[in-house]
1. Out of the residues in the range A:288-300 that are more than 9 Å from RNA strand B (Cβ to nearest atom) and not in a loop (DSSP other than H, G, I, E, B), which is farthest from residue A:117 (Cα to Cα)?
2. Please pick out the residue among A:255, A:328 that is free of Cβ contacts under 8 Å to residues at least 60 places away in the same chain and among the acidic types (Asp, Glu).
3. Just name the residue that is nearest to the chain's Cα centre (by Cα) out of those in the range A:400-414 that are surrounded by fewer than 21 Cβ atoms within 10 Å (Cβ to Cβ) and more than 6 Å from RNA strand B (Cβ to nearest atom).
4. Confirm whether residue A:218 is out of contact with any strand residue (DSSP E or B) (no Cβ under 7 Å at 6 or more places or on another chain), modelled with pLDDT of 75 or more and more than 9 Å from RNA strand B (Cβ to nearest atom).
5. On the given criteria, is residue A:212 surrounded by fewer than 20 Cβ atoms within 10 Å (Cβ to Cβ), away from RNA strand B (no atom under 16 Å from the Cβ) and either outside any loop (DSSP other than H, G, I, E, B) or at pLDDT below 75 (or both)?
6. Name the residues in the range A:137-189 that are of a type in the set (Val, Ile, Thr) and closer than 17 Å to residue A:220 by Cα, would you?
7. Which ones in the range A:87-110 are within 16 Å of RNA strand B (Cβ to nearest atom) and either over 22 Å from residue A:52 (Cα atoms) or surrounded by 15 or more Cβ atoms within 10 Å (Cβ to Cβ) (or both)?
8. All but one of (1) under 18 Å from residue A:167 (Cα atoms); (2) surrounded by 13 or more Cβ atoms within 10 Å (Cβ to Cβ); (3) not aromatic (Phe, Trp, Tyr) hold for residue A:200; state the number of the condition that does not hold.
Amino acid sequence: MSKVELQPPRGTRDFYPEDLRRRAWLFDQFREVARRFAFEEVDAPVVEHAELFTRKAGEEIVEQLYHFTLHDRHLALRPEMTPSIARMVMARAGALRLPLRWFAITQNWRYERMTRGRRREHYQWNMDVWGEPGVAAEAELIAAICTLLGRLGLGPGDVKIRLSSRALLEEVLRADVLRDRPEAFAPLCVVIDKLGKIGEEAVVDLLTDPAGAVRLAPGAARGVVAALGVRSLDEAAQRVPAGSAAVDDLRRLFELLAAYGLEDRVVFDASIVRGLAYYTGTVFEAFDAGGTLRAVCGGGRYDRLLETLGGPSIPAVGFGFGDVVIQELLADKGLLPDVARAIDDVVYPFGDAERPAALRLATRLRAEGRSVDLVLGSVKPRRALADADRAGAQRVFLIGPDEAARGVARVRELAGGAERDEPLDP
RNA sequence: GUGGGCGUAGCUCAGCUGGUUAGAGCGCCAGGUUGUGGCCCUGGAGGUCGCGGGUUCGAUCCCCGUCGCUCACCCCA
């Protein structure tokens, strides 16, 4: 039999202890921020019915679905968490008290070509508010993101959140080029999301593609692209009818964010639309100020997703925050901590004769809640001490024939080197 | 899919326009202390030089193929 391939499949990662410590540190930051905002954690299977994810708007996330058929069931690894959360909300829609604040830290899958910041498997911190139609929900979510960024050491000069509103764009287009074709709006957003990546000409080509879902006239397509270049919310407001709900919402959202003290974190950017079809209102993305990496996180309002899936109408807004780009950014800035191992005690019997006493001591310490490494083999004290030092232990309990005879353990404080005896059976 | 870079010890890499026993640092193991860590010193193990073919007296080095990794582009969460 040939030896197994040592590398995991392309785009996936192994997490050795030092890697997992760092990941756990990041997840701890996610959890702590979620806790401070009183969001409850949920989870769902990584394998779902593929149809939960399949939509028809030409989204990349659907085209890159990691899926397979098994026993006539078409299954898929989740590419994102939102549909699963929506399914969970829908399943208990009648029993849930709204608004609901849920978060999840999930592994997501996407079958795609690898580039910097993108892998086939990644983790994402997801926070969602269900049942709150007002922008207070958006503000709270964005505040959570900023709280996290701050905890990681990333200031306003490092990461900015750009936000806009699909509702605003929709108002502009409904009054004009999409007057009779509202169904073209979602696919249009998917195309516009590519603006910064493929350029205006390519976007116009896609918008006018006779085989596409949008099919605008060339002049109209250019008008759409031009509308995205507006520099400020005030300028955008001039393009929509007075009393625009979308403009009012955005203005209100910026007011709330200012009240959170986040005015230096957020900027209006009409070109932000996001690549997912289900967004309906506010959309936002966080970017590193250097502009060298892809989006750190992104989210928005999706008030009609539940209806789309056949459920009741419940407004919702949320974001996904991936683990890959943020770690690259932190590494670039030297902000990734080297998380050391930290056990409390090492219990070291010199030989087999002392082992029963040693394991009883270890058991007692563990019952007290301490993290105890019981030395398993027969090693020299030099080795036991060195290992204890590496493991970041505070104390080492040495039990040799002499100590066993006296009914004590020799306790050594590794930091200072002080030693004393401790009774084995107090 | 296109183009570039790279595959040499467990890891990061060096190897001078092809030459004799392929090296370093870190890590690992052992010893320097018959029962005491970090630092230091000494020694040791560990390599089909990704794989296959070719050129050559001779290939880690040159050529072809192949597999893998990686970066950029294409494409896009």
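1. In this case the residue turns out to be A:300.
2. It is A:255.
3. By that ranking, first place goes to A:413.
4. Answer is yes for this residue.
5. no
6. Within the range A:137-189, A:172, A:177 qualify.
7. A:103, A:104, A:105, A:106, A:108, A:109, A:110
8. (1)
The values are calculated or read from the model by the stated rules, or taken from the named source; none is laboratory data. As the structure is a prediction and not an experimental result, all values here were calculated from the model. Using ideal geometry, Cβ is built from the backbone for each residue, glycine included, and neighbour counts are taken over all protein chains shown.
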